[in-house]
Amino acid sequence: MPSSFVDLHCHSTASDGTLPPAQVVRLAVDQGLSALALTDHDTIAGVAEAAAEAKHLGLDFLPGIEISAEYPHPGTMHLLGYGVDPQSPALRDLTKALLAGRDSRNPKIVDQLQKLGVAITMQEVQREAGGKVVGRPHIAAILERKGYVSSIKQAFNKYLAPGGLAYFDKERLTPTQAVAMILDSGGLPVLAHPIQLRYQNDAQLERVVKDLLDLGLAGVEVIHTDHDAPMVEKYTALADRFGLLKTGGSDFHGTNKADIQLGIANGRRVPREWFDQLMVALRDKKQLGISAAKSV
Ligand code: AMP
Ligand code: FE
Ligand code: FE
Ligand code: ZN
């Protein structure tokens, strides 16, 4: 019998985590998890390596991606795409669009840091990232290493977060585009960590979820490191009321978020059942997709 816990939200070196995909998988096994979804920002570049290691070790594995959508400040809207098909042209288009948004933003941050007297270059940042998805955490790691700040957190507060000295936003997809592109890529869209929407009241949260539901939202991330007990309760009720899937994960980033342990989200674990339900929904979607294609 598989163990009863899973983690459906984590990052590897393919984006801004510090462990390579295969090592994240090994850690999941060490933590006694029975299934894992890798959800790197804007890329599935880590998925093949993770899937191979998971197969080798007998861990159930689901490819995923995490996308930031346009949303009014100070909130942020992240959408998780589960079960996206690495071969799909829609997914290739999606990741290309997302990387273009980063490629136009990152040099602006580096230029501004240089103007502020910080010794940093885009080459260094790219080297730090070691891949295509170059993010602010990589810049933060350089700032920390060079002693400009004493922690990643401080790098964000002083330079990289909104209001910081070298903050630039990146171009994002609208929620409509993000949801549609995840669906077109064969995946199921799930609203990540709703607390980060920074909604004013429950009615506003509900409106956002309803609007996303009309676009094809499939689930809500209920358990997450940023969610306390009342939030978990609220998002459970919300998901159940709208007939949405419940998902959960730690948002593990390795030492880039050193206080987060894989498999544990603010003291909670994610039930295996939620993974199984997600897999059933994915199978249904794929079957529907096939029959729809046949009928035209
Ligand atoms: P980017 O995708 O390049 O805009 O960077 C976003 C990532 O930076 C997030 O996914 C987090 O991993 C990290 N991040 C954002 N804000 C903070 C913060 N205040 N402190 C630490 N890490 C952060
Ligand atoms: Fe991140
Ligand atoms: Fe996120
Ligand atoms: Zn994440």
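Couple of notes before you dig in:
- Label point distance in nm, residue 122-residue 108, each placed 7 Å from Cα along Cα→Cβ: 1.4
- Candidates 76, 39, 13, ranked by Gaussian network fluctuation over the chain, Cα under 10 Å, top entry: 76
- Per residue solvent-accessible surface (Å²) - the chain, probe of 1.4 Å: 45
- Over the chain, DSSP H runs of length four or greater, each weighted -39,500 (n - 2.57), average out per residue to a 222 nm ellipticity of -14000 deg cm²/dmol.
- Spread over its residues, the convex hull of the C-alpha atoms of the chain is 131 Å³ per residue.
- Unit charges on C-beta of K, R, D, E only; dipole of segment 1-144, Debye: 340
- Residues whose placed amide H lies under 5 Å from that of residue 245, excluding near-sequence neighbours: 219, 220
- Pairwise FRET efficiency - residue 157 versus residue 242, Cβ, R0 = 35 Å, nearest 0.05: 0.45
- Working from label points 7 Å from Cα in the Cα-to-Cβ sense, the residue 132 to residue 57 distance is 2.5 nm.
- Using θ = phi - 60° and Karplus 6.51 cos²θ - 1.76 cosθ + 1.60, couplings along segment 73-81 (whole Hz; Gly, Pro as x): 4, x, x, 9, 10, 10, 10, 9, x
- Portion, in percent, of the accessible area of the chain that falls on carbon or sulfur, probe 1.4 Å: 53
The values are calculated or read from the model by the stated rules, or taken from the named source; none is laboratory data. Just so it is clear, the structure is predicted and the values come from calculations on it, not from any experiment. Because the Cβ atoms are built from the backbone with ideal geometry, glycine has one as well, and the counts that use them run over all protein chains shown. Each accessible area value is taken on the protein alone, full model and side chains, heavy atoms only, with ligands, DNA and RNA left out. Shrake-Rupley method; radii C 1.70, N 1.55, O 1.52, S 1.80 Å.
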